[in-house]
Amino acid sequence: MLTPAHIGVLGAGSWGTALAMHLARQGHHVALWGRDHKQIEEMLRQRCNPRYLPGITFPETLTPTSNLSEAVRQAEQILLAVPSGAFVATLEAIQPWLKERGLVWATKGLDREHNSWLHERAQAILGDQVPWAIASGPSFAAEVACGLPTALTLASRNKEFAQQVRTWLSGGTLRIYTSDDVLGVQLGGALKNVLAIAAGVSDGLGFGANARAALITRGLAEMMRLGEALGARQETLMGLSGLGDLVLTCTDDQSRNRRLGIALGHGQTRDQAVEQIGQAVEGVYTAGVVLRMAEHHGVEMPISEQVSRVLFDALPPAQAVQELLGREPKPEF
């Protein structure tokens, strides 16, 4: 029988809220931290997250708070679910309280300031004394919040810590698979957002299901090539956190990255589309970093390159597609 724990979930966006609700449904006592005091007050009043997950009622053991030290000091376990742009600052803020605890994060993306993976920043900040793990995979927040079946990969180089995390994170309709391929799990979770923008652009331009399938398949080839150059395992990229997350994010309009691409295909600018979505769109922040990594390792990633040009060089989406179609013919493998 599961022993209830006190868990601090940091990040009151849609994903952090959904995970907090899942954990509370398993009987844990959950403090859900968010930096916006007014948003937290409204969550306390309505007993839901009206901005990101309206109408989905909080379990009784979930308590929103804007007091970071309170959320962390009273927690036996800590789950970080902030956007990638806030990852380092939040980690530095809670670092003093992590010495007797481990850390799990569900953030997908890269550190733009250092052009590095999140685990590299975590290692630099926490050293070797704090165990950590990464949760990733095909998962829309609203479905997790509603208790619909979901499977995630939990990656850690500390096997014992991964088993501990799986014990309190899994249960009910959430199934957890463990892995020690930290790099591969992060690569899949980051690059799929860039490729989902491409799929959205294609659909926004009205190019149909054939084009979408081609983009997903050739996008997976880009992911595999970069993964091979970086030392990620092929089976990881063909698993939940790679192919699984890629298919989900490219094909369903719950994906913010896909919706951004659709808006670009309809003629909106990047900033107009991001403002309309109203939440962090990780693919925008990831595209440039991924390309710099690819260039450093001599990896060809034409789809990701065109996405970056559309986002940052104002390349018209239709022209980006024409440039992809006009590339020199080559063998598939």
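Odds and ends about this structure:
- Here the 3J(HN,Hα) profile of the stretch 322-333, calculated from phi with Karplus coefficients 6.51, -1.76 and 1.60 at θ = phi - 60°, is 4, 5, 5, 5, x, 5, 4, x, 7, x, 5, 10 Hz, Gly and Pro shown as x.
- Förster-model FRET efficiency, 30 Å R0, residue 297 and residue 173, C-beta, rounded to 0.05: 0.20
- With a 1.4 Å probe rolled over the protein heavy atoms of all chains, the accessible area of 28, 114 falls in the order 114, 28, largest first.
- Positive-end residue of 221, 79, 238, charge dipole of the chain with Cβ unit charges: 79
- 222 nm mean residue ellipticity, helices alone, for the chain (DSSP H n ≥ 4; -39,500 (n - 2.57); rounded to 500): -15500 deg cm²/dmol
- Accessible carbon and sulfur surface of the stretch 6-180 relative to its total accessible area, %, 1.4 Å: 46
- Of the residues 285, 177, ranked by 1.4 Å probe accessible area with the largest first, the sequence reads 177, 285.
- For the stretch 6-180, the solvent-accessible area with a 1.4 angstrom probe is 42 square angstrom per residue.
- The stretch 254-319, relative contact order [Cα under 8 Å, separation at least 6], %: 28
- Here the chain carries DSSP beta bridges of which approximately 25% are antiparallel, counting only pairs with both residues inside.
- Note on the chain: GNM, Cα springs under 10 Å; of 58, 161, 312, the largest mean-square fluctuation is that of 312.
- Summed side-chain charge close to residue 199 - residues other than residue 199 whose Cβ falls under 12 Å, Lys, Arg +1, Asp, Glu -1: +2
- Net charge contributed by nearby residues that have their C-beta within less than 15 Å of residue 129 (K/R +1, D/E -1): 0
- Note on the chain: with a GNM built from Cα contacts shorter than 10 Å, the maximum mean-square fluctuation among 245, 128, 111 falls on 128.
- Note on residue 148 and residue 210: the model spin-label points, each 7 Å out from Cα along the C-beta direction, lie 3.0 nm apart.
- For the stretch 184-326, relative contact order (Cα pairs under 8 Å, six or more residues apart, normalised by length) works out to 34 percent.
- Estimated inter-spin distance, residue 123 and residue 327, nm [label 7 Å along Cα→Cβ]: 3.1
- Prolate is the label for the chain, because the ratio a/c of its alpha-carbon gyration tensor axes (a ≥ b ≥ c) is 1.5 or higher and a/b is greater than b/c.
- Figure note: 44, 246 ranked by solvent-accessible area, largest first, 1.4 Å probe, ligands and nucleic acids not counted: 44, 246.
- Our summary gives the chain a relative contact order of 14 percent, counting only alpha carbon pairs under 8 angstrom and 6 or more residues apart.
- The residue 312 and residue 266 beta-carbon pair, evaluated with R₀ = 25 Å, returns a calculated FRET efficiency of approximately 0.85.
- Amide H contacts under 5 Å for residue 315: 310, restricted to partners 5 or more places along the chain or on a different chain, H placed in the peptide plane at 1.01 Å from N.
- Label zone at residue 42 (point 7 Å along Cα-to-Cβ), backbone N below 14 Å, the stretch 3-33: 12-14
The values are calculated or read from the model by the stated rules, or taken from the named source; none is laboratory data. In this text, all values refer to a predicted model and were calculated from it rather than measured experimentally. Here the Cβ is made from the backbone with ideal geometry for all residues, glycine too, and neighbour counts use every protein chain on show. Only protein heavy atoms, including side chains, enter the accessible area calculation; ligands, DNA and RNA are left aside. Shrake-Rupley method; radii C 1.70, N 1.55, O 1.52, S 1.80 Å.
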